[in-house]
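Colleague: Let me give you the structure first, and then I'll get to my questions.
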Amino acid sequence: MKNSGIDYNKFKDFPKSYDYENIEKKIGKIWEENEIYKFSLDAGKNPPRKIIFSIDTPPPYVSSAHLHVGHVMSYSQAEFIVRYKRMRGFNVFYPMGFDDNGLPTERYVEKKYKVNKAKITREEFIELCLKETKIGIETYKNLWKSAGISVDYSLSYSTIDDRCRRAAQKSFIELFNKNLIQRRNDPILWCPHCRTSLAQADIAIEEKNGTLYDIEFTSSQGEGLIISTTRPELLGACVAIYANPEDKRYISLKGQEVIVPVYNKSVPVRYDESVDVDYGTGLMMVCTWGDMEDVRKWKEHKLNTAIIIDTAGRLTQPSGTYAGLNTTEAKKRIVEDLRSLSLIKGEKSVIQNVGIHDRCETPVEFIQAYQWFIKILEERDKFLRASEEMNWHPAFMKERYVEWVNNLRWDWNISRQRFYGVPFPVWYCKGCEEVILAGEKELPVDPLVSNPSVSSCPKCGGTVFEPEKDVMDTWMTSSLTPLINAGWADPERSGNKKFMNMVYPMSMRPQAQEIIRTWLFYTVVKSVYHTGQIPFKEVMISGWGLDKNGKKMSKSLGNFVEPEGIITRYSADALRYWSARANLGQDLRFNEEDTANGRRLLIKIWNSARFLITNVDNGFNPHEKDLAALGLGAVDRWVVSEFERTLKSCEDYMESFEYASALKTLTDYFYNIYCDNYLEIIKNVFWDDDEKSLVRRNKVLNVMYFISCNLLKTFAPFFPFITEELFLSFYRYFEGGESIHLSVWPEYRKELEDDNSVKIVEILLDILSASRKLRTNLNLHQNHKIDKLLIKAMNKDYAEIINGLGDDIKSAARVKRIVFSDEAYFSTANEDIYIGLT
RNA sequence: GGGCGGAUAGCUCAGUCGGUUAGAGCAUCGGCUUUACAAGCCGGGGGUCGCAGGUUCGAACCCUGCUCCGCCUACCA
């Protein structure tokens, strides 16, 4: 690049301190104004970016109030890799979505406005949701921008927008046509608080303290039978008594009926191997339905049905006097009644594992209703095979996925009896219940406001249609993010198979560990079903940000650290430094000290660059000659050689997503080799004005430029702000280009590795280290110039090397002369070399 | 009950293929301020690598068992 127009004088005024607060704001603006991260299919002439690297980034859900540094950690860790890939010449496709439909948003709005589903109209509710969605998106964007997340925000999608609704509905129709979706009247998981059905993935397990009651039933022959249960309120729903077929105590009950207390109804005795002989009395009551096991027995043994709980979790008429009570109240009442009948024969405290709805923590019940299911149980193998085709980082995270798939119990129920979600593109014929689907061109459609395109039922000719009122599970949409990003359901892209093939399967899916069973799994399901392909090639799973005591940060615990304050006090780059300290997939405690360390590193980077910038001479041109052609001294070759090794190792780490080790390698080099040794050894050349120093100065400047510029580039994925600022205010004049983040990653040049220089400089470093120790022992200032450095070298080769390094040793040890002398008494790390100072 | 991860210096964490005396940062202690940086530099001290066995010439690392912490999962009602 031509550099005759450079104003070298302004380099002399380079700011002494790094004003991160203002500079980060300024750089953020520059990126935005110049659209540095904008995706374009034909992006980049220099360098040409032919291969697309596409990222399926998590769309955060609307409630932005819960954001903490752990989120920044997760997004940053993925972003280190993205920035690295961008500098490696990939055309980065990095869209950001916002997950703002479905129950999470509804829950958030319910809490914030203290409303509930029963007391608000659908329209009012949706309006509030849309309002909060907008606020949430803005808050998120601002935070991600201030954290330096280099997404192309013009590619944003929101899971409630037309595009996403179209995709979700298209997915439904396609799966329906492939016979992978069906509507069934099944017992399902139900949240009495949200009054909606749920899928297995929406359930969390919570340990609760409960009571195990021993209740006396009566056999048809009048014999008392003790049965232990934690749910006496379900007595009215009891449809059978079970024993283990091996249990001799109860063989005689075979064929008998048992009288359920309070209700005085007869239920049959059945046998099943799943009954634990040693639990309680070995007798078990089975209800409609207390848990999944009840459901299984009900199905397999075709038991009677006695439903006594309604959609609000209240007992119904068949429960008799308990009708209208919720389960907790009913339990209390029925226990009182049993007690007065002397039928409670014992009780003890137990810890139960109760399934709760993960959004509202209400214990789930089982009810029966027509629901839409996506078949997943019979296709497990496909989903397991898909996991083999993806590269998992870290590898052990795959196990969690495999475990989940192996433990699936239910097909995926996608029906939700809620308001704010994507509607099913479905009507039912009133005459024959035939399912009428919307046409693909009509999408997105809301059957509550539109009519089907057919005027009569193709099956029975009926002309009256009922719209499906339920909405789809929010994961029905977010499971499509790779396809949404690829324009799979976009009419304007429909002719452009080429684009889809370029970005899909996505190159990388970064995400947090807790949504492996939901987002990751469901995305695999959809991809396999729709395209027969895996959705992405690389899976990158981050750990959690923990608080100081090792607890997961969460709003409810009140232990979360807000990123904004940290960014203000320490800078976004410093927060990213903390994020880079955890190995991928490992949880990391948040420690303000670490961000302070990050800030120290940034300041050091600033100052070391400043040392170069303020010392370049007018007309300085680092590209005049190749480094190798400058006739460098041993120390220069050493620092370059070590850099090349560092670069190689950094690259290898980044390629395997081990950003933490990459950064560690870089900072070790930067501190120990470049700053503390190289700069300390050579800095004399800027103080002395003798002929020798002047000649040396030019070489040193070239070396400093080479190292610091390349090091800056390798730091850029981690610290995008400070590296950009330094690039724009200095290096750009020699490198060209408009952003360090669009510049080319340094080329590893093996020919610059120089083992000989490393060996030679090791001797210098041994002497330097010993002289520093000696100065400390003598209470001498490290820079205080001393007259003589005494050296005793008990090996001829060493003496020769030391002679050759004379100027550098004098410079490094801050001495005027080197004298070989047997009076050198102070040992160095090299047992054949001793030194002394006089 | 099953699965996964973790336990290394006072604290937060590295530790690659099993290989010299187990590392870093912070903290701590001592020293040093005109000459990139005191938000700095130089130096020191600090470890039974969770416990117990085993394999090996050699183990923080591999094997077995156990303890504690975290997460996921499960039908002891």
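Colleague: As an exercise, use a Förster radius of 51 Å and the Cβ-Cβ distance of A:N264 and A:D446 to find the FRET efficiency, rounded to the nearest 0.05.
Modeller: E between A:N264 and A:D446, to the nearest 0.05, is 0.50.
Colleague: Still on this structure, please answer the following. Can you work out ³J(HN,Hα) from phi for every residue in the range A:474-487, in order, using Karplus 6.51 cos²θ - 1.76 cosθ + 1.60 and θ = phi - 60°, giving whole Hz and x for Gly and Pro?
Modeller: 4, 6, 4, 8, 5, 5, 9, 3, x, 6, 4, 4, 8, x
Colleague: Sequence-distant or interchain residues sharing an amide H contact under 5 Å with A:E658, placed H: which?
Modeller: HN-HN under 5 Å from A:E658: empty list.
Colleague: I need the trypsin sites (Lys or Arg not before Pro) found in the range A:369-453, filtered to DSSP loop residues with at most 14 other beta carbons within 10 Å of theirs.
Modeller: When the trypsin sites (Lys or Arg not before Pro) of the range A:369-453 are filtered for loop state and at most 14 Cβ neighbours within 10 Å, A:R409, A:K430 remain.
Colleague: Expected output is a single nm value to one decimal: the length gained when fully extending between A:Q182 and A:E300, i.e. 0.36 nm times separation in residues minus the C-alpha distance. What is it?
Modeller: 40.4 nm
Colleague: On to the next question. Pulled fully out, how much extra length does the chain show between A:S156 and A:N607, if you take 0.36 nm times their separation in residues and subtract their Cα-Cα distance?
Modeller: Answer, rounded to one decimal: 158.5 nm.
Colleague: Still on this model: Run the simple label-point estimate for A:Q317 and A:K29 please: 7 Å along Cα→C-beta, distance reported in nm.
Modeller: In this crude label model, A:Q317 to A:K29 measures out at 7.1 nm.
Colleague: Label-point separation (nm) for A:K459 and A:D676, each offset 7 Å from Cα along Cα-to-Cβ?
Modeller: Result for the modelled spin labels: 7.7 nm.
Colleague: Binned at 10 Å from 0, what are the whole-percent values of the Cα-Cα distance distribution for the range A:294-349, short to long?
Modeller: 21, 35, 38, 6
Colleague: With r defined as the distance between the Cβ atoms of A:S17 and A:T838 and R0 fixed at 45 Å, what FRET efficiency is calculated, to the nearest 0.05?
Modeller: E(calc), rounded to 0.05, equals 0.70.
Colleague: Over the range A:131-281, give the accessible area per residue in Å² for a 1.4 Å probe, as an integer.
Modeller: 41 Å²
Colleague: Taking the inverse of the average 1/r across all pairs of different Cα atoms in the range A:276-321, what Kirkwood radius in Å do you get?
Modeller: Averaging 1/r across every pair of different Cα atoms and inverting gives 12.1 Å.
Colleague: Helix A:327-340 versus the longest principal axis of chain A: what angle, 0 to 90°, nearest 10, using Cα atoms?
Modeller: 50 degrees
Colleague: Hull surface divided by four, with the convex hull built on the Cα atoms of the range A:685-756: how many nm²?
Modeller: 6.6 nm²
Colleague: Given axes a ≥ b ≥ c from the Cα gyration tensor, I'd like to know whether the range A:331-382 is rounded (a/c under 1.5), prolate (a/b larger than b/c) or oblate.
Modeller: It is prolate, given that a/c is not under 1.5 and a/b is the larger ratio.
Colleague: Pick out, from A:V354, A:F419, A:P394, the residue whose Cα sits farthest towards the positive end of the charge dipole of the range A:349-419, with +1 on the Cβ of Lys and Arg and -1 on the Cβ of Asp and Glu.
Modeller: A:F419
Colleague: Same structure again: So for chain A, taking the charge dipole from beta-carbon charges (+1 Lys/Arg, -1 Asp/Glu), which of A:V524, A:L765, A:P717 sits furthest toward the positive end?
Modeller: A:P717
Colleague: Same structure, new question: Run the numbers for A:K131 and A:K469: contour at 0.36 nm per residue of separation, minus the present Cα-Cα distance, in nm.
Modeller: Difference between extended and current length: 119.4 nm.
Colleague: At 1.4 Å probe size, with every protein chain present, just tell me what the per residue accessible area of the range A:337-426 comes to in Å².
Modeller: Ligands and nucleic acids excluded, the figure is 46 Å² per residue.
Colleague: Once the convex hull of the C-alpha atoms of the range A:394-526 is built, how many Å³ does it hold per residue, rounded to a whole number?
Modeller: Per-residue hull volume (Cα only) is 148 Å³.
Colleague: So which trypsin sites (Lys or Arg not before Pro) in the range A:137-205 are both in a DSSP loop and have at most 11 other Cβ atoms within 10 Å of their Cβ?
Modeller: Passing both the DSSP loop test and the Cβ count: A:K178.
Colleague: Could I ask something else about it? Please get the size of the charge dipole for chain A, origin at its Cα centre, with Cβ charges of +1 on Lys and Arg and -1 on Asp and Glu, quoted in debye to the nearest 20.
Modeller: In total the dipole reaches around 940 debye.
Colleague: Mind jotting down the three principal axis lengths of chain A based on Cα atoms? Whole angstrom, largest first.
Modeller: 113, 64, 44
Colleague: DSSP loop (so not H, G, I, E, B), at most 15 other Cβ within 10 Å: list which trypsin sites (Lys or Arg not before Pro) in the range A:238-316 pass both filters.
Modeller: A:K254, A:K302
Colleague: While we're looking at this one, here's another question. For the range A:74-203, just say rounded, prolate or oblate: build the C-alpha gyration tensor, square-root its eigenvalues into a ≥ b ≥ c, call rounded for a/c under 1.5, and beyond that prolate if a/b exceeds b/c, oblate if not.
Modeller: Taking the square roots of the gyration eigenvalues as a ≥ b ≥ c, the range A:74-203 is oblate.
Colleague: From the convex hull of the Cα coordinates of the range A:658-807, what is the mean projected area in square nanometres?
Modeller: Averaged projected area of the range A:658-807's Cα convex hull equals 12.0 nm².
Colleague: If you don't mind, another one. Within chain A, which is the longest segment that contains none of the chymotrypsin sites (Phe, Trp or Tyr not before Pro) sitting in a DSSP loop with at most 11 other Cβ atoms within 10 Å?
Modeller: Longest site-free region, per DSSP loop and neighbour criteria: A:1-395.
Colleague: Within the accessible area of the range A:300-423, what % is carbon and sulfur when the probe is 1.4 Å and the other protein chains stay in place?
Modeller: Exposed carbon and sulfur together represent 45 percent of the surface.
Colleague: With a 1.4 Å probe and every protein chain left in place, work out the accessible area per residue of the range A:663-756 in Å², rounded to a whole number.
Modeller: Per-residue value: 35 Å².
Colleague: Using a Förster distance of 56 angstrom, determine the FRET efficiency expected from the C-beta separation of A:N353 and A:N777, and round it to 0.05.
Modeller: Once the sixth-power term is evaluated, E becomes 0.30.
Colleague: Just how large is the dipole of the range A:178-316 about the Cα centre, in debye to the nearest 20, putting +1 at every Lys and Arg Cβ and -1 at every Asp and Glu Cβ?
Modeller: 700 debye
Colleague: I've got another one for you. Using the crude model of +1 on Lys and Arg Cβ and -1 on Asp and Glu Cβ, and no other charge, please compute the dipole size for the range A:738-837 relative to its Cα centre, in debye to 20.
Modeller: So the dipole magnitude of the range A:738-837 works out to roughly 680 debye.
Colleague: While we're looking at this one, here's another question. Expressed as a whole percentage, what fraction of the accessible surface of the range A:92-155 belongs to carbon and sulfur atoms when a 1.4 Å probe is rolled over the protein heavy atoms?
Modeller: Carbon-and-sulfur percentage of accessible area, whole number: 57.
Colleague: I need the Kirkwood Rh of the range A:653-709: take the reciprocal of the average 1/r across all distinct C-alpha pairs and report it in angstrom.
Modeller: 12.9 Å
Colleague: A:F53's amide H: which non-local residues (gap 5+, or another chain) put their own amide H closer than 5 Å, with H modeled 1.01 Å from N in plane and none for Pro or chain starts?
Modeller: Amide H neighbours of A:F53: A:N91, A:V92, A:F93.
Colleague: Same structure again: Kindly work out what percent of the DSSP beta bridges joining two residues of chain A are antiparallel, to the nearest 5.
Modeller: Here the share of antiparallel DSSP bridges comes out near 70 percent.
Colleague: Along the positive direction of the dipole of the range A:620-742 (beta-carbon charges: Lys, Arg +1; Asp, Glu -1; about the Cα centre), which of A:Y669, A:H623, A:L694 reaches farthest?
Modeller: So the residue furthest toward the plus end is A:L694.
Colleague: Sticking with this one: In nm, give the distance between the simple-model label positions of A:T568 and A:N407, each being 7 Å from the Cα along the Cα-to-Cβ direction.
Modeller: Using points 7 Å along Cα→Cβ, the separation is 4.3 nm.
The values are calculated or read from the model by the stated rules, or taken from the named source; none is laboratory data. Only a predicted model underlies this, so the values are computations on that prediction, with no experimental measurement involved. With ideal geometry, Cβ positions are generated from the backbone for all residues, glycine too; neighbour counts draw on all protein chains shown. When the accessible area is computed, the model is the full protein with side chains, heavy atoms only, and any ligands, DNA or RNA have been set aside. Shrake-Rupley method; radii C 1.70, N 1.55, O 1.52, S 1.80 Å.
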